[in-house]
Amino acid sequence: MRIGVFCSGGDAPGMNACVRAVVRTAVGNGHEVVGIRRGYQGLLEEDFYVNSDGKPLMTLRSVSDWARRGGTFLLTSRCEEFRTPAGQQKAAAILERHGIEALIPIGGDGTFHGAVELARHWKGHIVGCPGTIDNDLQGTDYTIGFSTAVQTAVEAVDKIRDTAESHHRMFLVEVMGRHSGYIAVYTALAGAAETVCIPETPTNLPAIVRELHELKQRGKSSVMMIVAEGDEEGGAQILHDRLKVSGCPFSMRVMILGHMQRGGSPTPEDRMLASRLGDWAVHAVLEGATGVMAGLIGGTRVLTPFPETYAQHKPLPADLMSLIATLAS
Ligand code: F6P
């Protein structure tokens, strides 16, 4: 079987490890892998990965040393043309012309929406792997890249705490997560932050100001507030400006971590997850699955139909918010 693999949407640490697993499992079992560069955009432009021998099929050696490398060697993109039926039909024709019988897209909800649309025009099998730092997909406990993004954010928070302590300041640290507080909550808990603002729970500024006064009275000299970029009241800069005119008792600074959370060498957890899911996706394709995402729940391999991965908001573990508050005291 000839399998196409590509990365799409925001890059996530571990995508390379996932492609490596796809190639090693597929080629090792006698199948062919076409690496499609730049996601759906590259597919529409027939931009395929070419080996040093000039051939477009990936080999076992094509992915040597990929497991530990950040970013994505296949490159990625967000593609407007593919959102149209004409773009999807064009992609289907290209896949047929190149004899590609199955696809393994690695990405987030946008990537899987695209896969659902493509399946309306193309008969090949599609099994996705969850690759996004946001951890906002149902059907898997964790997405590829989340662990590394949290590690990066916690390292930053640890460093910022040093300067916050030295100046007796409060820092508002903004982390990624357009619609999800996963990175924020994990960073807050692991980074021993005092408070966290996320899209899933109402952000009540007067209550936060009261809490900050209490923390000050209890002798806290520095405060770390983790803000998810998608908080309904706004990002860290907006919250800073509003807290400033609302009687915040601390001198404040803002730190927006931004895209550095998407870079860097993947953690062992992300490499493990990516390797297991890449392998699982190939086996699922070979067993005839299609229209599904390969995931791991409680260590067990599962397949979830694409629409179910993004139809509902992935809830945060209920105890984490209250634990942050308990531990901050
Ligand atoms: O979906 C991953 C993500 O990093 C989000 O957390 C963030 O809001 C978004 O991508 C940023 O996208 P871009 O790099 O296109 O600005």
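Candidates in segment 118-145 are the residues that are closer than 20 Å to VAL227 by Cβ and out of contact with any strand residue (DSSP E or B) (no Cβ under 9 Å at 6 or more places or on another chain); of these, the one that is surrounded by the fewest Cβ atoms within 10 Å (Cβ to Cβ) is ASP136.
Residues considered: ILE256, ILE208. Of these, the only one that is touching a helix residue (DSSP H, G or I) at 6+ places or on another chain (Cβ under 9 Å) and in contact (Cβ under 8 Å) with a residue 60 or more places away in the chain is ILE256. Taking first residues from segment 34-57 that are over 15 Å from LEU75 (Cα atoms) and partners that are of a type in the set (Asp, Glu), the Cβ contacts under 7 Å between residues at least 6 apart in sequence or on separate chains come to LEU57/GLU32.
Looking for something within 16 Å of the ligand (Cβ to nearest atom) and assigned to a loop (DSSP other than H, G, I, E, B) - is there at least one such residue anywhere in segment 204-217? For segment 204-217, residues within 16 Å of the ligand (Cβ to nearest atom) and assigned to a loop (DSSP other than H, G, I, E, B): absent. Just so you know, in segment 140-190 the residues that are farther than 17 Å from PRO268 by Cα and of a type in the set (S, T, N, Q) include one that is nearest to the ligand (Cβ to nearest atom), and it is SER180. Filtering segment 164-182 to residues that are under 22 Å from GLU211 (Cβ atoms) and either free of Cβ contacts under 8 Å to residues at least 40 places away in the same chain or not in a loop (DSSP other than H, G, I, E, B) (or both) leaves ALA164, GLU165, HIS167, ARG169, MET170, PHE171, LEU172, VAL173, GLU174, VAL175. Being outside the structural domain of SER221 (by TED's automatic domain parsing) and closer than 15 Å to ALA12 by Cα is a property that ASP136 has. Taking VAL50 as the residue in question, decide whether it is part of a helix (DSSP H, G or I) and β-branched (Val, Ile, Thr). Spelling it out, it is not the case that VAL50 is part of a helix (DSSP H, G or I) and β-branched (Val, Ile, Thr). Within the option set GLY295, GLY258, being among the small types (Gly, Ala, Ser), under 23 Å from ARG178 (Cα atoms) and in the same structural domain as LYS123 (by TED's automatic domain parsing) holds for one residue only, GLY295. Take ARG38 and tell me if it is within 16 Å of the ligand (Cβ to nearest atom), surrounded by fewer than 22 Cβ atoms within 10 Å (Cβ to Cβ), at positive phi and assigned by TED's automatic domain parsing to the domain that holds THR132. So ARG38 fits the description; yes.
Taken together, ARG271, ARG242 contain a single residue that is among the basic types (Lys, Arg), away from the ligand (no atom under 16 Å from the Cβ), buried (at least 20 other Cβ atoms within 10 Å of the Cβ) and touching a residue at least 24 places away in the same chain (Cβ under 8 Å), which is ARG271. Looking at segment 85-92, is at least one residue more than 16 Å from the ligand (Cβ to nearest atom), assigned by TED's automatic domain parsing to the domain that holds ALA284, not in a helix (DSSP H, G or I) and not aliphatic (A, V, I, L, M)? For segment 85-92, residues more than 16 Å from the ligand (Cβ to nearest atom), assigned by TED's automatic domain parsing to the domain that holds ALA284, not in a helix (DSSP H, G or I) and not aliphatic (A, V, I, L, M): absent. When you look at ASP231, is it more than 16 Å from the ligand (Cβ to nearest atom), of a type in the set (Asp, Glu) and either assigned to a loop (DSSP other than H, G, I, E, B) or not assigned by TED's automatic domain parsing to the domain that holds ARG20 (or both), yes or no? In short, no. When LEU137 is tested against (1) within 12 Å of the ligand (Cβ to nearest atom); (2) within 19 Å of ILE256 (Cα to Cα), only condition (2) is not met. Residues of segment 103-114 that are surrounded by fewer than 24 Cβ atoms within 10 Å (Cβ to Cβ) and away from the ligand (no atom under 11 Å from the Cβ): HIS113 alone.
The values are calculated or read from the model by the stated rules, or taken from the named source; none is laboratory data. These numbers come from a predicted model, not from an experiment. Glycine also receives a Cβ, built like all others from the backbone with ideal geometry; neighbour counts cover every protein chain displayed.
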